[in-house]
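The values are calculated or read from the model by the stated rules, or taken from the named source; none is laboratory data. Treat the numbers as computed from the prediction; the structure is a model and nothing was measured. Neighbour counts are summed over all protein chains in view; Cβ atoms, including those assigned to glycine, are modelled from backbone coordinates with ideal geometry.
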Amino acid sequence: MANPLVPHGTLNRLLTSVSIVQFPFLNVTNGYFGTKIGRLSFEGDGSDYIPALTASVPSPRPYQVVTLLMYLLKSQTLSQLWENQRQQSTTIGDFVVTTDSPVLGPFYIMNGIFQNVSDIELDGSSNDYPVMLKGTYPINQSLFNF
């Protein structure tokens, strides 16, 4: 029987940050997030399972598309810097997402874009400026070791 008293660790939301490699003035640290902070979503499967005549064949994918939704404080100047970037160019290049876990390493996302801004509440009930980024997350790196 497994030991039920294994320590589960601690999540520290203050560790969460987003670093934009080409545009460091857009970097987001804990003081710029709203109450929701953010969400990282992976799209599609990491591998396909392709039927053949007598069995199925695995076909690992070399990447997944990732969407990052982060909630910035619209009362901070950083939100306007992001809006300026959206007006100038939505191509932002590589970015790094550090999570709230001290043991889960950062996610390095390639070829990032500033995809959209979600709904902004204008009635004084929310301070969120929801920024949505999208990019490519490399997986199955063993595929490249022929």
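Quick one: would you say residue 42 is in contact with a Gly (Cβ under 9 Å, 6 or more places away or on another chain) and among the aromatic types (Phe, Trp, Tyr)? So residue 42 fails the test. Taken over region 76-88, the criterion of being over 16 Å from residue 16 (Cβ atoms), surrounded by fewer than 20 Cβ atoms within 10 Å (Cβ to Cβ) and touching a residue at least 24 places away in the same chain (Cβ under 8 Å) is satisfied by 81, 83, 85, 86.
Among the criteria (1) farther than 12 Å from residue 134 by Cβ; (2) more than 12 Å from the chain's Cα centre (by Cα), the one residue 94 does not fulfil is (2). Screening region 91-146 for strands (runs of 3 or more DSSP E) wholly inside it with 2 or more residues that are under 18 Å from residue 25 (Cα atoms), free of Cβ contacts under 8 Å to residues at least 40 places away in the same chain and of a type in the set (A, V, I, L, M, F, W, C) returns the ranges 107-117. Residues that are over 16 Å from the mean Cα position of the chain (by Cα) and either surrounded by 15 or more Cβ atoms within 10 Å (Cβ to Cβ) or hydroxyl-bearing (Ser, Thr, Tyr) (or both) do not occur anywhere in region 102-118.
The residue that is nearest to residue 12 (Cα to Cα), among those in region 122-146 that are surrounded by 12 or more Cβ atoms within 10 Å (Cβ to Cβ) and of a type in the set (D, E, K, R), is 128.
Within region 38-54, the only residue that satisfies the criterion of being without any contact (Cβ under 8 Å) to a residue 24 or more places away in the chain and either polar (S, T, N, Q) or under 14 Å from residue 74 (Cα atoms) (or both) is 54.
The residues of region 16-37 that are free of Cβ contacts under 8 Å to residues at least 60 places away in the same chain and either touching a strand residue (DSSP E or B) at 6+ places or on another chain (Cβ under 8 Å) or among the small types (Gly, Ala, Ser) (or both), listed by number, are 27, 28, 29, 30, 31, 32, 33.
Within the set 49, 108, the sole residue that is modelled with pLDDT under 95 and not polar (S, T, N, Q) turns out to be 49.
When 112, 105 are checked against the criterion of being closer than 30 Å to residue 141 by Cβ and touching a Leu at 6+ places or on another chain (Cβ under 7 Å), a single residue qualifies: 112. Scanning region 45-64 for residues that are touching a Gly at 6+ places or on another chain (Cβ under 8 Å) and among the polar types (S, T, N, Q) yields a total of 1.
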